[in-house]
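Student: Below is the structure I would like to discuss, written out as structure tokens.
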Amino acid sequence: MMKLKEEFKEMIAGCRTGEFDGLVEALETTAPDVSIRWNRGKAVQEPAPLGHPRDGRPEPAPLGHPRDGRPRPAPLGRPVPWEAAGEYLEERPAFTLDPRMHQGRYYVQDASSMIIGEVIRRLVAGGDRPLAYLDACAAPGGKTTAAIDALPEGSLVVANEYVPKRAAILEENLTKWGYEGTVVSRGDTARFRRLPEVFDIVAVDAPCSGEGMMRKDEEAARQWSPALVEECAERQREILGNVWGSLRDGGYLIYSTCTFNPVENERVVAWLRDELGAAPVALDFPEEWGIAREIEGTAPCYRFLPGRVRGEGLFLAVLRKGESTEIERNREDGRGRGRPRSLLDDERLMRAVQEPARQGCARVFPERWLPLLKELQRELKVTHWGVETAVPKGKGWIPSHALAMWRGYQRGTYPEVEVDEATALQYLRREAVTVDAPRGIVLLIFDGWPLGWVNNLGNRANNLYPQDWRIRNL
């Protein structure tokens, strides 16, 4: 049983709110739930074309169940109340050994964090104009992928991360998610001061003292201190001040932490309201979801508390910038729902893969966002954008793994062969595999969905799975 610091317990008791009743006991005596969120863009059996609607309920096979090629409904566990694509599992499987996770068909995510999708859907309700979205503290990418599936089709998602190793994980997860309208930047959020009035929605899932993760991470409990809380609150205000100017008039800021105390939560929201003029937005979640409200101040805020919800600790507030209704007007201007235009359209895709651009690779990226991409590349350290379709290999070119993961990949472009789970795991470990297929580039398919490329030589096939992504455990 985990033991919390007495100072932490005193802090919780000192808040003098009924909202925290039973919280310490829940943290010390109960285990976290396991939950996943299915990829809405990979939720149909037949591959969908670029620009297909992503608002249907996924129907994947349950985790741990074999697939016979026919679509099946989920669920193995209970649905997450605030996320139709979310599902609680009865036990934690060996996710690393499930090829479907590596195909980007689902993301292992705490249920509380899935609320980001519901919040975005509410903010954009009634409009379909593609929006510019910034996730300022994005790694490892759970909330970013949720945003991708909740935003209007054709939206741009910019994901920033300060720590290089975490940024690499973020790129991997976004590549597997398979959406072409993404940009990853790496560095301090101060760089966004150079990009005024760019984004319609900015999300700051701020670095925090981690109180909400204590059930999952004993280190979070050990490192907690009142001094850490104050240090985090100062850093949170700094990050928010850095990105506030990049939000358009009339745009929304989504502020979240994985901690409980009001210092990093309500008082930061009050700072946003009093110092930056942000207007708090009420969300009115259904009472049956069990989401707690603010514990001090008058601004509407929301808390996910272990013992009250099936999920870990999370704090959330939404604030609006200015008085403009520009976003509403733009949502109704008739633009945006159609097929996104890309640098490479479907008819040119095969040729683009075989004869890539001279600059080093061919990429798919929404044409409407090219001017902003160039601006981002000037002001930020952009490490990833769009979908890479081909990479150099020797004297020629081979398709990129990102092409296989792309939601818009046109099946049949290359020969395909379905593989069983054992072969899929061999491939993901980057071991040699043997396939009954034509010589040359072949796309491996597992459970009806692309897994990755091999170069079939006849008696064996060269494994083209990214070296850095290989499964290392046996």
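The values are calculated or read from the model by the stated rules, or taken from the named source; none is laboratory data. Predicted, not measured: the structure shown is a model, and the values here were computed from it. Every residue, glycine among them, receives a Cβ derived from its backbone with ideal geometry; neighbour counts consider all protein chains shown. Keep in mind that these areas ignore ligands, DNA and RNA; they rest on the heavy atoms of the full protein, side chains included. Shrake-Rupley method; radii C 1.70, N 1.55, O 1.52, S 1.80 Å.
Student: Could we say that Arg411 is open to solvent by 50 Å² or more (accessible area, probe 1.4 Å), of a type outside the set (A, V, I, L, M, F, W, C), within 20 Å of Lys176 (Cα to Cα) and touching a strand residue (DSSP E or B) at 6+ places or on another chain (Cβ under 9 Å) here?
Tutor: Values: open to solvent by 50 Å² or more (accessible area, probe 1.4 Å): yes; of a type outside the set (A, V, I, L, M, F, W, C): yes; within 20 Å of Lys176 (Cα to Cα): yes; touching a strand residue (DSSP E or B) at 6+ places or on another chain (Cβ under 9 Å): yes.
Answer is yes for this residue.
Student: Something else about it: Only residues that are under 28 Å from the mean Cα position of the chain (by Cα) and part of a strand (DSSP E or B): list them for the range 396-417, please.
Tutor: Of everything in the range 396-417, those that are under 28 Å from the mean Cα position of the chain (by Cα) and part of a strand (DSSP E or B) turn out to be Ile398, Pro399.
Student: Another question, then. Restricting to the range 385-402, name every residue that is more than 17 Å from Pro99 (Cα to Cα) and either surrounded by 15 or more Cβ atoms within 10 Å (Cβ to Cβ) or in contact (Cβ under 8 Å) with a residue 60 or more places away in the chain (or both).
Tutor: Those that are more than 17 Å from Pro99 (Cα to Cα) and either surrounded by 15 or more Cβ atoms within 10 Å (Cβ to Cβ) or in contact (Cβ under 8 Å) with a residue 60 or more places away in the chain (or both): Trp385, Gly386, Val387, Glu388, Thr389, Ala390, Val391, Trp397, Ile398, Pro399, Ser400.
Student: In the range 28-50, which residue that is touching a helix residue (DSSP H, G or I) at 6+ places or on another chain (Cβ under 8 Å) and either at pLDDT below 95 or open to solvent by less than 20 Å² (accessible area, probe 1.4 Å) (or both) is farthest from Trp449 (Cα to Cα)?
Tutor: So in the range 28-50, the residues touching a helix residue (DSSP H, G or I) at 6+ places or on another chain (Cβ under 8 Å) come out as 33, 35, 37, 39-41, 48-50.
So of that shortlist, the ones also either at pLDDT below 95 or open to solvent by less than 20 Å² (accessible area, probe 1.4 Å) (or both) come out as 35, 37, 39, 41, 48-50.
On the way: Ser35: 22, Arg37: 17, Asn39: 12, Gly41: 12, Ala48: 11, Pro49: 14, Leu50: 16 Å.
Among those residues, the one meeting the criterion is Ser35.
Student: Got a sec? Which of Leu425, Leu372, Leu376 is closer than 20 Å to Gly104 by Cβ, open to solvent by less than 50 Å² (accessible area, probe 1.4 Å) and not in a strand (DSSP E or B)?
Tutor: Numbers: Leu372 fails: closer than 20 Å to Gly104 by Cβ; Leu376 fails: closer than 20 Å to Gly104 by Cβ.
Result: Leu425 is the single residue among Leu425, Leu372, Leu376 that is closer than 20 Å to Gly104 by Cβ, open to solvent by less than 50 Å² (accessible area, probe 1.4 Å) and not in a strand (DSSP E or B).
Student: At pLDDT 70 or above, open to solvent by less than 30 Å² (accessible area, probe 1.4 Å), in contact with a Phe, Trp or Tyr (Cβ under 9 Å, 6 or more places away or on another chain) and farther than 27 Å from Tyr179 by Cα: is that true of Ile12 in this structure?
Tutor: Numbers: at pLDDT 70 or above: yes; open to solvent by less than 30 Å² (accessible area, probe 1.4 Å): yes; in contact with a Phe, Trp or Tyr (Cβ under 9 Å, 6 or more places away or on another chain): yes; farther than 27 Å from Tyr179 by Cα: yes.
Judged against the criteria, Ile12 is a match.
Student: For the range 90-115, enumerate the residues that are under 28 Å from Arg303 (Cβ atoms) and open to solvent by less than 10 Å² (accessible area, probe 1.4 Å). Lay out the reasoning, then the answer.
Tutor: Step one: of the range 90-115, the residues under 28 Å from Arg303 (Cβ atoms) are 90-92, 95, 106-115.
Within the range 90-115, Tyr106, Ala111, Ser112, Met114, Ile115 meet the criteria.
Student: Sticking with this one: Would you mind stating whether Leu131 is open to solvent by less than 20 Å² (accessible area, probe 1.4 Å) and over 25 Å from Arg429 (Cβ atoms)?
Tutor: yes
Student: Next up: Go through (1) closer than 20 Å to Ser256 by Cβ; (2) in a helix (DSSP H, G or I); (3) more than 17 Å from the chain's Cα centre (by Cα) for Thr145 and report which single condition fails.
Tutor: For Thr145, the exception is condition (3).
Student: Has the range 280-302 got any residue that is open to solvent by 10 Å² or more (accessible area, probe 1.4 Å), more than 21 Å from Leu123 (Cβ to Cβ), touching a Ser or Thr at 6+ places or on another chain (Cβ under 9 Å) and among the hydrophobic types (A, V, I, L, M, F, W, C)?
Tutor: Yes, because at least one residue in the range 280-302 is open to solvent by 10 Å² or more (accessible area, probe 1.4 Å), more than 21 Å from Leu123 (Cβ to Cβ), touching a Ser or Thr at 6+ places or on another chain (Cβ under 9 Å) and among the hydrophobic types (A, V, I, L, M, F, W, C).
Student: So if I check each of Lys381, Lys321, Lys393, Lys374, which one is under 28 Å from the mean Cα position of the chain (by Cα) and at pLDDT below 95? Reasoning before the result, please.
Tutor: Numbers: Lys381 fails: at pLDDT below 95; Lys321 fails: at pLDDT below 95; Lys393 fails: under 28 Å from the mean Cα position of the chain (by Cα).
The unique qualifying residue is Lys374.
Student: Sticking with this structure for a sec: Considering only residues that are in a loop (DSSP other than H, G, I, E, B) and not small (Gly, Ala, Ser), look in the range 273-289 and name the one that is farthest from Lys321 (Cα to Cα). Steps first, please.
Tutor: First, pick out the residues of the range 273-289 that are in a loop (DSSP other than H, G, I, E, B): 277-278, 282-286.
From the residues that got through so far, the ones that are not small (Gly, Ala, Ser) too are 283-286.
Values: Leu283: 16, Asp284: 20, Phe285: 22, Pro286: 25 Å.
Ranking the qualifying residues of the range 273-289, first place goes to Pro286.
Student: Go through Val202, Val229, Val198 for me and flag whichever is more than 22 Å from Gly250 (Cα to Cα) and surrounded by 18 or more Cβ atoms within 10 Å (Cβ to Cβ). So that I can check it myself, show each step before the final result.
Tutor: Details: Val202 fails: more than 22 Å from Gly250 (Cα to Cα); Val198 fails: more than 22 Å from Gly250 (Cα to Cα).
After applying the criteria, what remains is Val229.
Student: Conditions: (1) in contact with a strand residue (DSSP E or B) (Cβ under 6 Å, 6 or more places away or on another chain); (2) within 27 Å of Leu425 (Cα to Cα); (3) not hydroxyl-bearing (Ser, Thr, Tyr); (4) not in a loop (DSSP other than H, G, I, E, B). Ala139 meets all but one. Number of the miss?
Tutor: So the condition that Ala139 fails would be (4).
Student: Right, here's the next one. Please count how many residues of the range 431-468 are outside any loop (DSSP other than H, G, I, E, B) and surrounded by 15 or more Cβ atoms within 10 Å (Cβ to Cβ). Explain how you work it out, then say what you get.
Tutor: Going residue by residue through the range 431-468, those that are outside any loop (DSSP other than H, G, I, E, B) are 433, 440-446, 449-456, 461-463, 467-468.
The next check asks that each one be surrounded by 15 or more Cβ atoms within 10 Å (Cβ to Cβ); those that pass are 433, 441-446, 449-456, 461, 463.
The total comes to 17.
Student: Can I ask one more? Between residues in the range 231-242 that are part of a helix (DSSP H, G or I) and among the basic types (Lys, Arg) and residues that are open to solvent by less than 80 Å² (accessible area, probe 1.4 Å) and at pLDDT 95 or above, which pairs lie under 7 Å by C-beta distance while being six or more apart or on different chains?
Tutor: Arg235/Pro207; Arg237/Val268; Arg237/Trp271
Student: Looking only at the range 243-272, count how many residues are open to solvent by 30 Å² or more (accessible area, probe 1.4 Å), farther than 16 Å from Cys137 by Cβ and not in a helix (DSSP H, G or I).
Tutor: 3
Student: If Val263 satisfies every condition in (1) in contact with a Ser or Thr (Cβ under 7 Å, 6 or more places away or on another chain); (2) within 24 Å of Trp224 (Cβ to Cβ) but one, which is the exception?
Tutor: Exception for Val263: condition (1).
Student: Looking at the range 248-267, which of its residues are under 23 Å from Arg122 (Cα atoms) and either more than 20 Å from the chain's Cα centre (by Cα) or not aliphatic (A, V, I, L, M) (or both)?
Tutor: Matches in the range 248-267: Arg248, Asp249, Gly250, Gly251, Tyr252, Tyr255, Ser256, Thr257, Cys258, Asn265, Glu266.
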